[in-house]
Amino acid sequence: MVLSEVDWSRTAWWGIAAALTAALVYVVHSFVGTFVFGVFIYYAARPVYVRIRRRVPQESVAAAIAIFALALPVLLVGGYALLIVVNQVQDLVGNGYLDQIPLGQIPLDQDTLDLIADPATLAATDWTQYVTVDTVTGITDSLSGAVDTIAFLGTGAVHLFVMLALAFYLLRDGGRLASYLVRFTDQQGVLETYGRAIDRDFTSIFFGNILNAILTGTIGVIVYSLLNVVAPPGGSIPAAALVGLLAGAASLIPIVGMKLVYVPVAAFLAVRAVVTDATGTLWFVGVFVLASFVVVDTIPDLVLRPYVSGRSLHVGAVMLAYTLGPLLFGWYGIFLMPILLVLVVHFARIVLPELLAGEPLRPYAVDPSHFTDEGPFVYGPPEPGPDPPAEGDTEAE
């Protein structure tokens, strides 16, 4: 092909498209943890949004209710539970980090207070005696520590805003965006079939498994910390918040789940009571087991189990994704690695066989029994409809 046959206008536009795509990839890569967690919030809040949407016709209002009335309180309670855990970790490690913060280096005894309260004495005071290296260093370190804390909290607030905003707009406009992509890029229905498959498993993973682990861990931290308030002397739960957090993480393990955590802890409490001749505290062991089984284990499982059932991913593959994700990507790997697993598995199941065979992509080559008629991300939540007629009502002929 000679240069005269090149469509330079189209080539220039493709160059612009490549540059914009590269910029978008850079932004997503820089804040991948924030975006991934925003997707998790979206899937965690979507079942609630669907129910609210049936009663509230305004999409924005329904999305705001789902985010700020349900998802945000869960995040705040989870953050408080995490704060308890961090506090106990610091107590266990005993690294003395808080002792290194230079607070209280400027004495405010009674003489100093009298000096400040008396204007005459204040004017006649030689302030150079207070301007020492240690005093200036203490003030500077305290201010720098405060600035660092404010900057840290501000950065966290910005990330939280982006997460909630992403989840909000996915709830409100995600269905229209996906329908647009399907209408203009999916002539054979492959993208729609692929989207249905990954949407179903995303719902199972995010709303079923991970949300179950987060809620279970949060409930465990709070319940075990409250149990220690009423625990008899010498019979408290060791590192109660850590035990609750580990119980939430263990809920990702099939079959046995968090029993791997609270059963050994209960055995430890019972053995400790017998060895220390404190058998009068065995009642607390029974309360611990009962609270663990009913409040921490059974109730979250009963609430979220319908959303976990019927998944098509291999349990072992999901477990490996949960395990390897944080090791490869950091804290957000527990969300990102399952996403990659779902995308790869369904690509290999739906698209790859047709590509290897060199045949046109046909979504109907996949067994239709694998899919349901529920509205996925592709179509968004169902539109609100009229309430069903009351029992006994008949339509006029």
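Considering only protein heavy atoms, with the full assembly of protein chains and a 1.4 angstrom probe, order TRP14, TRP331 by accessible area, largest first.
Largest accessible area first, the residues go TRP14, TRP331.
Label-to-label distance for ALA165 and ALA348 is 3.8 nm, based on points extended 7 Å past Cα in the beta-carbon direction. Normalised per residue, the accessible area of region 215-276 is 45 Å², obtained with a 1.4 Å probe and no contribution from ligands, DNA or RNA. Each part reduced to its alpha carbon centroid, region 207-225 and region 254-277 end up 19 Å apart. These residues, ILE52, ILE16, ILE214, go from largest to smallest accessible area, 1.4 Å probe, as ILE16, ILE214, ILE52.
For a Förster distance of 51 Å, can you work out the FRET efficiency between the beta-carbons of VAL294 and TRP14, rounded to the nearest 0.05?
Working: r = 61 Å, r/R0 = 1.20.
Using R0 = 51 Å, I get an efficiency of 0.25.
Between VAL28 and VAL230, the FRET efficiency estimated from the beta carbon spacing at R0 = 35 angstrom works out to 0.15.
Pull out the extension gain between LEU355 and ASP277, defined as 0.36 nm times the separation in residues minus the alpha carbon to alpha carbon distance; nm, one decimal. Taking 0.36 nm per residue and subtracting the Cα distance, the gain is 21.0 nm. With a Förster radius of 41 Å applied to the C-beta separation of LEU313 and THR149, the computed FRET efficiency comes to 0.45.
Modelled spin-label separation between VAL256 and SER60, with each label point placed 7 Å from Cα along the Cα-to-Cβ direction: 5.2 nm.
Per-residue 3J(HN,Hα) values for region 11-25, derived from phi via the Karplus relation 6.51 cos²θ - 1.76 cosθ + 1.60 with θ = phi - 60°, read 4, 4, 5, 5, x, 5, 4, 5, 5, 5, 5, 5, 5, 5, 4 Hz in sequence order (x marks Gly and Pro). Counting only heavy atoms of the protein chains and using a 1.4 Å probe, HIS314 has close to 130 Å² of accessible surface.
Run through region 148-184 and list the chymotrypsin sites (Phe, Trp or Tyr not before Pro) located in a DSSP loop whose Cβ has at most 13 other Cβ atoms within 10 Å.
Details: sites: PHE152, PHE161, PHE168, TYR169, TYR180, PHE184; in loops: none.
Of the chymotrypsin sites (Phe, Trp or Tyr not before Pro), not one in the loops of region 148-184 has a Cβ with at most 13 other Cβ atoms within 10 Å.
3J(HN,Hα) couplings calculated from phi for region 269-277 with the Karplus curve 6.51 cos²θ - 1.76 cosθ + 1.60 (θ = phi - 60°) are, in sequence order, 4, 5, 5, 5, 5, 6, 5, 7, 6 Hz; Gly and Pro show x.
The values are calculated or read from the model by the stated rules, or taken from the named source; none is laboratory data. Please read these numbers as outputs of a predicted model, since none were measured by experiment. FYI the Cβ positions are ideal-geometry reconstructions off the backbone, even for glycines, and counts take in every protein chain you see. Ligands, DNA and RNA are excluded from the accessible area calculation, which covers all protein heavy atoms including side chains. Shrake-Rupley method; radii C 1.70, N 1.55, O 1.52, S 1.80 Å.
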